[in-house]
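A.B. asks: Mind having a look at this structure? Questions to follow.
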Amino acid sequence: IETMENQIISNQSSTAFSLTGYNNLIVHQIHEVAEWFGFETRNKYQIMDESQRQVAFAVEQQKGVLGFLMRQFLGHWRSFEIFFFNPKQELVLKAKHPFRILFQRLEVSDSQGNFLGALQQRFSIFSKRFDVQNDNGQIIMEVASPIWMIWTFPFLHAGKKMACVSK
């Protein structure tokens, strides 16, 4: 994590972006009225610290009518990009999800497009498993969620829990 974090900080020419000072981050998805009626809309997220102060926000990029239709019919298998902004509304990170039917992947780059790493799904029958890769493709963490804990994703480094995403 430190290697990826250092790249995030050092690759920013105008804006340093660091999450190292936070013990917990809360990601809140912002829902739109159309979602109440079954339509999928662009995903938007507020990223806050423990005191509910916004430290960043993320927005899925719109791709017009075709993007809307792909979102409705292909769901998370479709290609999409999410841009991350600091509270000053400066772009700090980009996440790209290429079109995939099997083995989902999320590629992360800085605001200039320099590749930082990826989250790559692995084959697994009774759990959801992902590898966190650095910019060289080396696995720096593993994520495994047993089938009975479908919305809990612990991040492990050398078997030690470093973080956890829960919904």
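The values are calculated or read from the model by the stated rules, or taken from the named source; none is laboratory data. Bear in mind the structure is a predicted one, so any value in this text is a computation, not a measurement. Because the Cβ atoms are built from the backbone with ideal geometry, glycine has one as well, and the counts that use them run over all protein chains shown. For accessibility, only protein heavy atoms count, side chains too; no ligands or nucleic acids. Shrake-Rupley method; radii C 1.70, N 1.55, O 1.52, S 1.80 Å.
A.B. asks: Mind telling me which of the residues 87, 98 ends up being farther than 25 Å from residue 158 by Cβ and open to solvent by 50 Å² or more (accessible area, probe 1.4 Å)? I'd like the intermediate steps shown before the answer.
C.D. replies: On the way: 98 fails: open to solvent by 50 Å² or more (accessible area, probe 1.4 Å).
Step by step, each of 87, 98 is checked, and only 87 is farther than 25 Å from residue 158 by Cβ and open to solvent by 50 Å² or more (accessible area, probe 1.4 Å).
A.B. asks: Quick one: what pairs do we get from the range 126-150, first residue among the polar types (S, T, N, Q), second open to solvent by less than 60 Å² (accessible area, probe 1.4 Å) and not in a strand (DSSP E or B), C-beta under 8 Å, 6+ apart or different chains?
C.D. replies: From the range 126-150, the pairs are 134/4.
A.B. asks: Looking at this structure, is residue 32 open to solvent by 50 Å² or more (accessible area, probe 1.4 Å), at pLDDT 95 or above and more than 22 Å from residue 161 (Cα to Cα)? Break it down into steps so the answer makes sense when it comes.
C.D. replies: Details: open to solvent by 50 Å² or more (accessible area, probe 1.4 Å): yes; at pLDDT 95 or above: no; more than 22 Å from residue 161 (Cα to Cα): yes.
In short, no.
A.B. asks: Can you tell me which condition residue 141 does not meet? The list is (1) modelled with pLDDT of 90 or more; (2) exposed (fewer than 11 other Cβ atoms within 10 Å of the Cβ), and all the others hold.
C.D. replies: (2)
A.B. asks: Can you name the number of the only condition in (1) under 29 Å from residue 53 (Cβ atoms); (2) open to solvent by 30 Å² or more (accessible area, probe 1.4 Å); (3) in contact (Cβ under 8 Å) with a residue 12 or more places away in the chain; (4) not polar (S, T, N, Q) that residue 161 fails?
C.D. replies: (3)
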